[in-house]
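Here is the structure we will look at.
The values are calculated or read from the model by the stated rules, or taken from the named source; none is laboratory data. This structure is a prediction, so every number in the text was calculated from the model and none was measured. Don't worry about glycine lacking a Cβ; one is built from the backbone with ideal geometry, like all the others, and counts go over all protein chains shown. Ligands, DNA and RNA are stripped out before the accessible areas are found, and what is left, the full protein with its side chains, is counted by its heavy atoms. Shrake-Rupley method; radii C 1.70, N 1.55, O 1.52, S 1.80 Å.
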Amino acid sequence: MKVSDKTTPHPVDRAGAPEDLVNPGLRTVFRIADKWGLDNEQLSVLLGQPSRSTFFRWKARHTAQASQDLLERLSYILGIYKSLHTLFSADDVADAWVRQPNDNPLFGGKSPLERMLAGKVSDLYVVRQHVDAARGW
């Protein structure tokens, strides 16, 4: 019996592959954007400013290519949302936090959303670290 050079990955080997994570992540982030009151332009910035056509394909739930940048951005947004909902028992308070002015030196009196809208992955990271620190992580 000849063994083929081509192997098909076992389903367990593919579990959690980036392409399996990006589409559910995008769907969830679009729902979070609604809760945070983000417009399309703001959400586009948080997602790394894809082309307009790409953004609207994602919004229409067409598949997206899994890039490291997009996966990081999705992870930070999801983490911020989860941490806020752990910190605050009221959903409306948790969702409003991103828009509230914050006197922490990280934000300089501006809202965490304004920091995130600077467009860099590192800005999402800073907000995520801040929220996680408040949780005691």
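Annotations
- Range in the chain, longest, excluding exposed trypsin sites (Lys or Arg not before Pro) [loop by DSSP; at most 10 other beta-carbon atoms within 10 Å]: 7-137
- Dipole magnitude (debye, nearest 20) for the chain, charges at Cβ of Lys, Arg, Asp, Glu: 340 debye
- At a probe radius of 1.4 angstrom, the accessible area of the chain per residue rounds to 62 square angstrom.
- The chain - mean residue ellipticity at 222 nm from DSSP helices (-39,500 (n - 2.57) per run, n ≥ 4, rounded to 500): -18500 deg cm²/dmol
- Between helix 18-36 and the chain there is an angle of about 20 degrees, using the helix long axis and the longest principal axis of the Cα atoms.
- P(r) weight above 26 Å for the chain, C-alpha pairs, percent: 30 percent
- Result for the chain in a Gaussian network model with C-alpha springs under 10 Å: among Val127, Val45, Val22, the largest mean-square fluctuation is at Val45.
- Summarising the label geometry, the points placed 7 Å from Cα in the beta-carbon direction at Ser122 and Arg52 lie 3.1 nm from one another.
- For the chain, the longest principal axis of the Cα atoms and the long axis of helix 68-87 meet at an angle of about 50 degrees.
- Taking the accessible area of the chain, probe 1.4 Å, and keeping the other protein chains in place, the carbon and sulfur fraction comes to 51%.
- Computed from Cα atoms, the angle from the helix 121-135 axis to the main principal axis of the chain rounds to 70 degrees.
- Full-extension gain in nm, Arg31 to Thr86, via 0.36 nm per residue minus C-alpha separation: 18.0 nm
- When the Gaussian network model of the chain links Cα atoms closer than 10 Å, the mean-square fluctuations of Asp95, Asp39, Asp69 top out at Asp39.
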